[in-house]
Amino acid sequence: MKVVVIGGGAAGFFGAIACAAANPKLQVTLLEKTNKLLSKVRVSGGGRCNVTHDCLQPTVFSQNYPRGAKQLKEAFKLFGAEETIRWFEQRGVSLKTEADGRMFPTTDNSETIIECLLREARKAGVEVRTGTGVEHITPPQATGSGTFILQLTNGQTITADKVLICTGGNPKSQGYDWLRVLGHTIQEPVPSLFTFNVPGSPFQELQGVSVPKARVRIAGLKLEYEGPLLITHWGYSGPAVLKLSAWGARVFHDQNYNFTALINWVPELTEESLREQLQQYRQAHPKKVVATNPLFGLPQRLWKAMAALAQVPADTKWAELPAKNTNKLVEALHRAPFEVKGKTTFKEEFVTCGGVDLSQVNMKTMESRLQPGLYFAGEVLDIDGITGGFNFQAAWTTGYLAGQAIAESSMNP
């Protein structure tokens with residue numbers, strides 16, 4: 001029996017390996033349209049590969065997915081982070097956990113993960129073909145032969161009894177047309193995980209300055225996220241912004257990436273307690289210059305820029321600070337408004353919101369509810385997670401479940 005896996009990324013390899021290992025009698029072929037295998041694995045996490053996240057409870061883990069959370073909760077109970085960690089460790093790849101919960105190979109090198117997957121694919125007997133894309137799939141009911149016919153980009157055709165599609169996310173809607181032809185509904189693709197462009201930012205000279213915790217809120221929307229924040233020469237980045245962009249992906253797209261972001265640089269303080277602490281400092285250090293004595297653990301350069309934003313003259317001492325400037329300083333610290341106009345997406349880390357509608361897929365087996373024998377895994381589905389290893393975990397989980405299901409169905413046709 002022939003199984004064809006389309007896509008040589010994380011989900012494709014995991015699916016092909018799971019399928020071939022579970023049923024060695026199957027002829028499993030993996031097709032990758034480019035000449036590069038596992039390219040996203042290679043560049044992920046700055047070349048270290050953020051394999052998964054240290055959260056072993058499926059219900060909690062699934063809460064990190066703006067799209068797909070409900071469906072993945074059950075899938076993670078079958079094969080989640082704990083099973084992924086064990087899978088790699090049983091194959092000689094140990095993982096380590098960083099302070100923020102992200103998990104990487106102890107080698108800090110994505111090649112460790114790539115070599116493991118390539119080795120396991122060889123061991124399982126998976127045939128890997130690069131430079132081979134698929135343009136069109138004709139399902140069994142249309143062929144009359146009981147098999148799928150795959151039209152390849154090189155003009156050839158091949159047949160398959162089962163097909164697993166792991167072609168990843170596509171930023172353009174027409175990139176899914178070949179799946180629409182098979183009857184599948186596609187949730188329109190829009191970017192997720194992007195940084196905010198603030199052309200008129202008063203902090204443009206502070207690029208590289210970061211804070212360990214800030215709260216970013218979107219004016220007029222119930223969207224906010226708290227976490228590390230990085231100031232860039234084009235605006236704002238860091239986990240707080242990237243994760244917020246994932247939760248608001250569709251809303252931001254609909255607003256053409258024009259909105260107001262309110263940044264709270266001291267999220268652990270209420271406005272009242274912030275005013276109290278400023279007053280206490282004023283009384284304790286009346287002769288200190290406001291702009292050159294940073295408070296609340298904020299970087300010196302950021303504090304100085306914050307004082308300028310509050311229109312505090314450079315040499316003003318605390319005892320001389322007028323009430324109106326104190327109010328402006330509170331505003332700057334607690335809800336500084338920044339006009340966002342556009343986004344910046346890191347192409348190598350690109351994540352798409354959108355894809356095959358999950359209601360048309362059996363999330364326990366990843367088989368299409370419309371086309372028996374056709375399976376999906378990875379970002380081709382309308383699933384996307386925030387940063388931190390969640391997108392890879394979705395790939396491992398859906399790939400594994402699809403591979404196992406194909407193997408089992410082939411044993412019991």
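FYI, it's all coordinate maths here, none of it is from the lab. Everything numeric in this text was worked out from a predicted model, so none of it was measured. Cβ placement follows ideal geometry from the backbone for every residue including glycine, while neighbour counts extend to all protein chains displayed.
Extension gain, Gln57 to Leu309, is 86.3 nm, computed as 0.36 nm per intervening residue step minus the present C-alpha separation. Relative to the globular-protein estimate of 2.2 N^0.38 Å, the Cα radius of gyration of segment 194-344 stands at 1.06.
Fewest neighbouring Cβ atoms within 10 Å first, the residues Ser39, Ser201, Ser359 line up as Ser359, Ser39, Ser201. Between segment 182-201 and segment 1-78, what's the alpha-carbon centroid distance in Å? Each part's Cα centre sits 22 Å from the other's. Rounded to whole numbers, the Karplus 3J(HN,Hα) couplings from phi for segment 316-323 are 5, 8, 4, 5, 9, 6, x, 4 Hz, using 6.51 cos²θ - 1.76 cosθ + 1.60 with θ = phi - 60°, and x at Gly and Pro.
Taking amide H as placed 1.01 Å from N in the peptide plane, Leu193 has its amide H under 5 Å from the amide H of Ala246, each at least 5 places away in sequence or on another chain.
Mind listing which GluC sites (Glu not before Pro) in segment 39-102 are in a DSSP loop and have 16 or fewer other Cβ atoms within 10 Å?
Answer by residue number: Glu98.
Taking every eigenvalue of the Cα gyration tensor of the chain, multiplying by 5 and rooting it, what semi-axes result, largest first, whole Å?
Square roots of five times the eigenvalues give 50, 21, 17 Å.
Under 15 Å from the Cα of Lys288, which aspartates and glutamates turn up, not counting those fewer than eight places away in the same chain? Answer for Lys288, where 15 Å is the Cα cut-off: Asp315, Glu320, listed by chain and number. Filter the cross-link list Lys123/Lys172; Lys222/Lys243; Lys33/Lys73 down to pairs whose alpha-carbon distance in this structure exceeds 25 Å. Cα-Cα > 25 Å for Lys123/Lys172; Lys33/Lys73; rest within.
Contact order for segment 194-344, expressed relative to its length and based on alpha carbon pairs under 8 Å spaced 6+ residues apart, stands at 31 percent. Applying a DSSP loop filter and a limit of 13 other Cβ atoms within 10 Å to the GluC sites (Glu not before Pro) in segment 252-292 leaves Glu268.
Applying the Karplus relation 6.51 cos²θ - 1.76 cosθ + 1.60 with θ = phi - 60° to segment 81-87 yields 3J(HN,Hα) values of 4, 4, 5, 5, 4, 5, 4 Hz, where x marks Gly and Pro.
For segment 287-326, trypsin sites (Lys or Arg not before Pro) are listed when DSSP marks them as loop and at most 14 other Cβ atoms sit within 10 Å of their Cβ; the list is Lys287, Lys288. Backbone amide hydrogens, once placed in the peptide plane, bring Lys343 within less than 5 Å of Asn197, excluding anything fewer than 5 places away on its chain.
To the nearest 0.05, what FRET efficiency results for Ser359 and Thr97 with a Förster distance of 25 Å applied to their C-beta separation?
0.10
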